[in-house]
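Asks: Okay, handing you the structure first.
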Amino acid sequence: MANEDKFKKVISHAKEYGYIFASSEIYDGLSAVYDYAQNGVELKKNIREYWWRSMVYMHQNIVGLDSAILMHPKTWEASGHVDAFSDPLIDNKDSKKRYRADVLIEDYCEKINKKAQKEIDKAKKRFGESFNEEEFVTTNGRVIGYKNKQKEILERMAKSLDNEDLADVKALIEELGIADPDTGSKNWTDVRQFNLMFGTKLGASAESAMDLYLRPETAQGIFVNFSNVQKTGRMKIPFGIAQTGKAFRNEIVARQFIFRMREFEQMEMQFFVRPGEEMKWYEYWKETRLNWHKSLGLGEENYRFHDHEKLAHYANAATDIEFNFPFGFKELEGIHSRTDFDLKAHEEHSGKKLQFFDPELNKNYVPYVVETSIGLDRMFLAVFSNSLQEETLEDGSSRVVLKLPSILAPTKAAIFPLVKKDGLPDIAKKIIEDLKWDYNVIYDEKDAVGKRYRRQDANGTPFCITVDHQSKEDDTVTIRYRDTMTQERIAISEIGNKIKESISYQSWLG
Ligand code: ATP
């Protein structure tokens with residue numbers, strides 16, 4: 001399936017099967033804001049839980065937090081967001097479309113990267129088993145040329161953005177001949193900076209109202225609570241604070257469904273370490289987070305690291321875990337070594353100490369921070385798009401199946417009576433009564449069983465349980481597995497165990 005078609009199918013499937021709706025759809029929607037429907041809310045909750053357990057329950061030195069969305073406005077002065085949380089925008093004068101200048105340049109580089117990859121793939125085919133990719137990449141003239149060109153462009157962009165030389169960013173776009181992806185026009189305006197924070201007001205009267213921002217990241221809620229958590233939790237360095245919650249960004253371009261939203265949810269963890277030890281922990285968290293992604297079985301080839309050329313004002317090292325979305329490899333998660341920038345800035349702006357007394361070193365210091373930050377909605381898109389598959393079956397027919405990892409699936413099992421009579425519905429409902437305490441399960445008696453199977457395949461339900469006349473005699477049912485479509489007969493008393501085994505956190509995360 002072509003990538004564009006695949007992405008369209010993902011969006012329409014998400015709506016048709018009750019995963020995602022446009023926000024306020026009856027009013028024609030609100031740009032880049034979405035609602036999670038009956039199945040979407042469950043999948044989202046399960047992803048959040050999968051992350052939370054891996055962070056908080058799996059690490060004795062990581063605790064959770066749920067800080068407020070609204071924070072004292074000084075927070076955002078200290079963090080640098082008021083001055084520096086902006087993206088460079090550029091308008092096309094002909095199409096009137098607005099773009100992020102850095103993204104236009106990055107997409108151009110990705111095209112060069114694809115050319116290099118083509119050379120590598122060609123050589124792989126030619127040389128077969130004896131192909132040594134590492135050697136080829138470092139010796140083949142064409143590949144080196146492509147890689148150097150890409151590096152040169154990204155370095156120049158990083159330098160210009162650092163120096164606020166927006167004229168050079170425009171010059172670069174023009175020199176590279178970058179055109180409006182929609183219309184091909186090269187008639188660009190100048191590049192300008194645009195602050196992404198949403199402002200709002202606190203207070204009843206216009207005179208006394210206080211200007212606030214909706215938080216653009218959850219991390220600052222963690223930093224301002226550093227001492228509270230450290231003291232009340234008697235935490236010792238190294239330790240982490242994890243939180244999930246809404247963040248808001250007035251994104252310049254938001255045309256990629258839930259990949260880039262104006263209201264979204266983050267899952268962030270700030271890990272506080274001794275100064276000087278941050279690179280060790282940075283490497284640790286890179287590996288740990290990649291393993292978390294791999295544990296879901298979406299395909300190891302779908303992930304890659306992308307180290308940042310341009311570091312944010314607070315970072316001394318940063319990388320993205322990129323995922324192969326239907327529109328190509330894009331950032332899914334960021335891992336940043338944030339130094340002591342944030343805690344020091346909050347010390348200065350608040351006048352309060354945010355330090356740790358290290359008994360082993362017998363001294364106070366402001367800890368360094370390594371952050372892992374992932375968008376829950378982006379993770380949702382990664383899981384959902386990767387799981388949506390169209391299969392051709394042996395008899396030539398096709399089926400649409402959502403092969404969600406069972407631990408994340410919204411509904412764990414659907415229970416069907418084969419027919420709506422002879423007491424079979426009562427047995428099926430009794431099974432639901434027993435399972436509902438531990439699992440989200442549903443009852444379905446409408447249509448022929450084959451049709452019900454297909455409906456649950458498309459819904460992502462890993463197990464279908466069918467009660468038939470034999471069930472009345474020997475208390476057994478048919479269990480049918482979504483991915484393989486195989487069926488077997490099991491005792492009713494075994495259903496719970498089957499589900500339990502397939503969604504044990506230990507087997508997924510262990
Ligand atoms: P991008 O370069 O795509 O704008 P970013 O580098 O600004 O992202 P971070 O500030 O590092 O992103 O945010 C951490 C994570 O939050 C990202 O990896 C992404 O998963 C998620 N995220 C950021 N912005 C959005 C958004 N507008 N919509 C959905 N998720 C987002």
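Asks: Show Ser12, Ser227 ordered by accessible area, largest first, where the area counts protein heavy atoms only and the probe is 1.4 Å.
Replies: Ser12, Ser227
Asks: Follow-up question, since we're still on this one. Which order, highest average first, do 340-349, 303-312 follow once you tally other Cβ atoms within 10 Å for each residue and take the mean per peptide?
Replies: Those peptides, ordered most packed to least, come out 340-349, 303-312.
Asks: Ok, one more. So, by mean Cβ neighbours within 10 angstrom, what's the order for 101-107, 421-427 with the highest one leading?
Replies: Answer by packing, highest mean first, reads 101-107, 421-427.
Asks: Would you calculate the volume per residue, in Å³, of the smallest convex hull containing every Cα atom of the range 86-195?
Replies: For the range 86-195, the hull spanned by Cα atoms encloses 113 Å³ per residue.
Asks: Still on this model: List the pairs from Lys412/Lys500; Lys294/Lys412; Lys420/Lys446 whose alpha-carbon separation is above 19 Å, in the order I gave them.
Replies: Listed pairs above 19 Å: Lys294/Lys412.
Asks: I would also like to ask the following. Using the Kirkwood formula on the Cα atoms of the range 1-128, what hydrodynamic radius do you get, in angstrom to one decimal?
Replies: 20.4
Asks: For Cα pairs less than 8 Å apart in space and 6+ apart in sequence, what is the mean separation divided by the residue count of the range 183-303, i.e. the relative contact order in percent?
Replies: Value for the range 183-303: 21 percent.
Asks: Give the span of the range 183-257's Cα atoms along each principal axis, as three whole-Å numbers ordered largest to smallest.
Replies: Result for the range 183-257: principal-axis Cα extents of 60, 40, 24 Å.
Asks: Counting Lys and Arg as +1 and Asp and Glu as -1, what is the net charge of the other residues whose Cβ lies under 15 Å from the Cβ of Thr218?
Replies: Residues close to Thr218 contribute a combined charge of -3.
Asks: Same structure again: Send over a whole-number figure in Å² for the accessible area per residue of the chain, probe 1.4 Å.
Replies: With the other protein chains kept in place, the chain gives 49 Å² per residue.
Asks: Also, quick follow-up: Once the other residues with Cβ under 12 Å from the Cβ of Lys280 are scored (Lys, Arg +1; Asp, Glu -1), what is the net sum?
Replies: In short, -2.
Asks: Heavy atoms only, probe 1.4 Å: what % of the accessible area of the chain goes to carbon and sulfur, would you let me know?
Replies: Reported share for carbon and sulfur atoms: 49 percent.
Asks: Once you sort the root eigenvalues of the Cα gyration tensor of the range 205-358 as a ≥ b ≥ c, which label holds: rounded (a/c under 1.5), prolate (a/b larger than b/c) or oblate (the other case)?
Replies: Oblate, because a/c is 1.5 or more while a/b does not exceed b/c.
Asks: For Lys280, which lysines qualify as cross-link partners when the Cα separation must be under 20 Å and same-chain residues fewer than eight apart are set aside?
Replies: Filter leaves Lys236.
Asks: Continuing with the same structure: Say the cut-off is 24 Å between C-alpha atoms; which of Lys15/Lys201; Lys9/Lys403; Lys45/Lys498; Lys286/Lys353 go over it?
Replies: Lys15/Lys201; Lys286/Lys353
Asks: When you count, for each residue, the other Cβ atoms within 10 Å and take the mean per peptide, how do 74-86, 120-132 rank with the highest first?
Replies: Order by mean packing, descending: 74-86, 120-132.
Asks: Then there is this: In the range 377-412, what GluC sites (Glu not before Pro) fall in a loop by DSSP, with at most 11 other Cβ atoms inside 10 Å?
Replies: Hits after loop and neighbour filter: Glu394.
Asks: Follow-up. Over 10 Å intervals from 0, what percent of Cα-Cα pairs in the range 270-313 sits in each interval?
Replies: Pair shares across the bins are 22, 42, 31, 6.
Asks: Let me ask something additional. By the scheme Lys and Arg +1, Asp and Glu -1, what is the net charge of all other residues having a beta-carbon under 13 Å from that of Ile407?
Replies: +3
Asks: Expressed as a whole percent, how much of the Cα-Cα distance distribution for the chain exceeds 45 Å?
Replies: Looking at the chain, the distances longer than 45 Å represent 23 percent of pairs.
Asks: Also, quick follow-up: Given the DSSP H assignment, sum -39500 (n - 2.57) over each helix run of at least 4 residues in the chain and divide by its residue total; what's the result at 222 nm in deg cm²/dmol, nearest 500?
Replies: -12000 deg cm²/dmol
Asks: Given N residues in the range 411-509, what is its alpha carbon radius of gyration divided by 2.2 N^0.38 Å?
Replies: Cα Rg divided by the expected 2.2 N^0.38 Å: 1.01.
Asks: Further, regarding this structure: Of His59, Tyr19, Gly184, which is farthest along the charge dipole of the chain in the positive direction, counting Lys and Arg as +1 and Asp and Glu as -1 at C-beta?
Replies: Tyr19
The values are calculated or read from the model by the stated rules, or taken from the named source; none is laboratory data. Computed from a predicted model, the values in this text were never measured in an experiment. Glycine also receives a Cβ, built like all others from the backbone with ideal geometry; neighbour counts cover every protein chain displayed. For accessibility, only protein heavy atoms count, side chains too; no ligands or nucleic acids. Shrake-Rupley method; radii C 1.70, N 1.55, O 1.52, S 1.80 Å.
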